[in-house]
1. Within segment 5-16, can one find any residue that is at pLDDT 50 or above, surrounded by fewer than 14 Cβ atoms within 10 Å (Cβ to Cβ) and either in a loop (DSSP other than H, G, I, E, B) or not hydrophobic (A, V, I, L, M, F, W, C) (or both)?
2. Taking segment 47-59, which residues are crowded, with 17+ Cβ neighbours inside 10 Å and part of a loop (DSSP other than H, G, I, E, B)?
3. Under the condition of being at negative phi and hydrophobic (A, V, I, L, M, F, W, C), which residue from segment 81-90 is surrounded by the fewest Cβ atoms within 10 Å (Cβ to Cβ)?
4. Among the residues of segment 95-102, is any more than 13 Å from the chain's Cα centre (by Cα) and either within 11 Å of T37 (Cα to Cα) or not basic (K, R) (or both)?
5. Take the residues in segment 64-90 that are of a type outside the set (A, V, I, L, M), part of a strand (DSSP E or B) and within 13 Å of R107 (Cα to Cα); name whichever of them is modelled with the highest pLDDT.
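The values are calculated or read from the model by the stated rules, or taken from the named source; none is laboratory data. What you see is a predicted model; the values in this text were computed from it and never measured. Using ideal geometry, Cβ is built from the backbone for each residue, glycine included, and neighbour counts are taken over all protein chains shown.
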Amino acid sequence: MLKILTIALLSASPLVADFSAANPSPEQFEIPSSGLTFWAQKSFNGPYINYQTVSAECINLPFDAWAGLNAISGDQILAYTGPNCTGIAFGFSFHTFNYAAKSFKPR
């Protein structure tokens with residue numbers, strides 16, 4: 001029985017190493033400190049896009065955003081639930097969203 005347990009433990013070791021490599025710890029994620037950032041997940045990790053400047057035009061996001069950090073202009077940016085700045089508009093600073101943001105523009 002000891003031999004079976006040893007083989008099981010040795011065969012499980014690579015799985016643990018692969019898991020930690022594929023799932024970095026939270027301190028390895030960076031939150032941009034400037035610009036306007038949108039995340040595809042409410043947990044502020046995973047795919048994100050950062051805009052260092054914002055034009056006066058409506059910008060469609062490349063994915064549904066569920067969290068955002070506005071370090072550009074306080075409450076001067078509105079996110080929208082629809083494409084082309086349609087739907088419900090909401091401002092944010094550093095929040096998760098109740099609705100997915102699909103586009104944004106300055107007020």
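1. no
2. Listed by number, the list holds a single entry, V54.
3. I88
4. Looking for residues that are more than 13 Å from the chain's Cα centre (by Cα) and either within 11 Å of T37 (Cα to Cα) or not basic (K, R) (or both), one finds at least one in segment 95-102, hence yes.
5. Across segment 64-90, the extreme among qualifying residues is Y80.
For (1) free of Cβ contacts under 8 Å to residues at least 60 places away in the same chain; (2) in contact with a Cys (Cβ under 7 Å, 6 or more places away or on another chain); (3) surrounded by 13 or more Cβ atoms within 10 Å (Cβ to Cβ), each residue gets a yes or a no:
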| residue | (1), (2), (3) |
| --- | --- |
| P32 | yes, no, yes |
| L36 | no, no, yes |
| N45 | yes, no, yes |
| G68 | yes, no, yes |
| S73 | yes, no, no |
| A79 | yes, no, yes |
| F92 | yes, no, yes |
| A101 | no, no, yes |
